[in-house]
1. Pick from region 12-59 the residues that are part of a loop (DSSP other than H, G, I, E, B) and under 13 Å from Ile75 (Cβ atoms): which of them is least open to solvent (accessible area, probe 1.4 Å)?
2. Within region 155-181, restricting attention to residues that are touching a helix residue (DSSP H, G or I) at 6+ places or on another chain (Cβ under 6 Å) and either within 18 Å of Ile18 (Cα to Cα) or not small (Gly, Ala, Ser) (or both), which residue is surrounded by the most Cβ atoms within 10 Å (Cβ to Cβ)?
3. Are any residues in region 319-340 more than 14 Å from Leu218 (Cβ to Cβ), open to solvent by 80 Å² or more (accessible area, probe 1.4 Å) and modelled with pLDDT of 90 or more, and if so, which ones?
4. Considering only region 282-299, state which residues are under 16 Å from Ala313 (Cα atoms), in contact (Cβ under 8 Å) with a residue 40 or more places away in the chain and not aromatic (Phe, Trp, Tyr).
5. Condition check: touching a residue at least 60 places away in the same chain (Cβ under 8 Å) and closer than 22 Å to Cys85 by Cβ. Does Ala324 satisfy that?
6. Of the residues Gly268, Gly242, Gly207, Gly234, which single one is open to solvent by 10 Å² or more (accessible area, probe 1.4 Å) and either without any contact (Cβ under 8 Å) to a residue 24 or more places away in the chain or in contact with a Pro (Cβ under 6 Å, 6 or more places away or on another chain) (or both)?
7. Among the numbered criteria (1) free of Cβ contacts under 8 Å to residues at least 24 places away in the same chain; (2) crowded, with 16+ Cβ neighbours inside 10 Å, which single criterion is violated by Gly9?
8. Hey, among Ile219, Ile276, which residue is touching a helix residue (DSSP H, G or I) at 6+ places or on another chain (Cβ under 9 Å), closer than 24 Å to Gly333 by Cα, among the β-branched types (Val, Ile, Thr) and open to solvent by less than 60 Å² (accessible area, probe 1.4 Å)?
Amino acid sequence: MSEIAVIGGGAWGTGISIVLGRKGTHGIRLWAHEADVCESIAQKRINEKFLPGRRIPDTVTASNDLAATLDDAKIVVSVMPSQHCRALFERMRPLLPPDAMIVSATKGLEEGSLLRMTEVIAQVLERSDRSSPAVGALSGPTFAQEVARGDPTAITIASKNPELLRMVQQEFSDPSFRVYTNSDVIGAELGGALKNIVAIAAGICDGLGFGHNSAAALITRGLAEMTRLVVACGGRAETMAGLAGLGDLVLTCTGGLSRNRSVGVELGRGQRLPEIIAAMHGMVAEGVFTTSAAVGLARARMVEMPITEQMHAILHQGKSPREAIHELMSRSGKSEGGGS
């Protein structure tokens, strides 16, 4: 039985472990930073902290030991928050099996460098004594609770490596978890990261008491600016019409389980960001971290992203949410085929 390592014991890392573990064809090793998560899984077969109520198969073992988790792993699934990706892979670099395939399931951008997660991973693992590892990005509309419950779910694995695409599609798919393949890593990763920003904006509209018209307009124009940046960075516009683009955007902007949307709702109701984050008890809303990087990337590529700019002003400059939405609506008239 081959081994799959999942690095990150949050809700999504646990959800992926449940999907892989319920097939019974692999040994799944889940690495969690938090000792209480490992203890909860070992004793109760439940991650009470991040994914309560969802039993974890016996084929999944949880550990704080990175070396033991990575030992002889054929596939390594990276599910840590984006701001920890570089440091964790620096620790993992001497421990990774040389032929392991790396799958990034983190939806974010690195602040400062503006790099996507597969770019961070490739940069850290680049060595002069061997070829670069096979790296892919897993993205799409997935709430961990629903995946763990066994609800029908479709997701995309994106990579330039045909063998990684074949392996992940084969090993991750089951009757309730359908995996599609895509060669557009840029589009898949940027779609997964940027939709979190639009979801915060959608939540703000809800928190301000606006209705469905506002949400529909925001999702549509959010998709337009996401697509502009994806194309400017070398990705494909059609990827934004698929699971990693429109699919994930709709889910995150409208679903009650969306952490990014929930942050926006509380901002719209007048809560301050530090209070909102403190109330999340360790859970991460990636859009909060991604917004600064997205603004930097858009400016570097000279792409107009008004929704992203306004979310950055709210999150990091203390701008009033109501004022930000008013400014979005008061911009000069545009053609729908042109700017946002």
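1. His26
2. By that ranking, first place goes to Thr156.
3. Listed by number, the residues that qualify are Arg322, Glu323.
4. Gly287, Val288, Thr290, Thr291, Ser292, Ala293, Ala294, Gly296, Leu297, Ala298
5. No: the conditions fail for Ala324.
6. Matching residue, one of Gly268, Gly242, Gly207, Gly234: Gly268.
7. (1)
8. Ile219
The values are calculated or read from the model by the stated rules, or taken from the named source; none is laboratory data. On a predicted model such as this, the values are computed, not experimentally measured, just so you know. Cβ sites come from the backbone with ideal geometry, for glycine too, and all protein chains shown count toward neighbours. Calculation scope for accessible area: heavy atoms of the full protein, side chains included, ligands and nucleic acids excluded. Shrake-Rupley method; radii C 1.70, N 1.55, O 1.52, S 1.80 Å.
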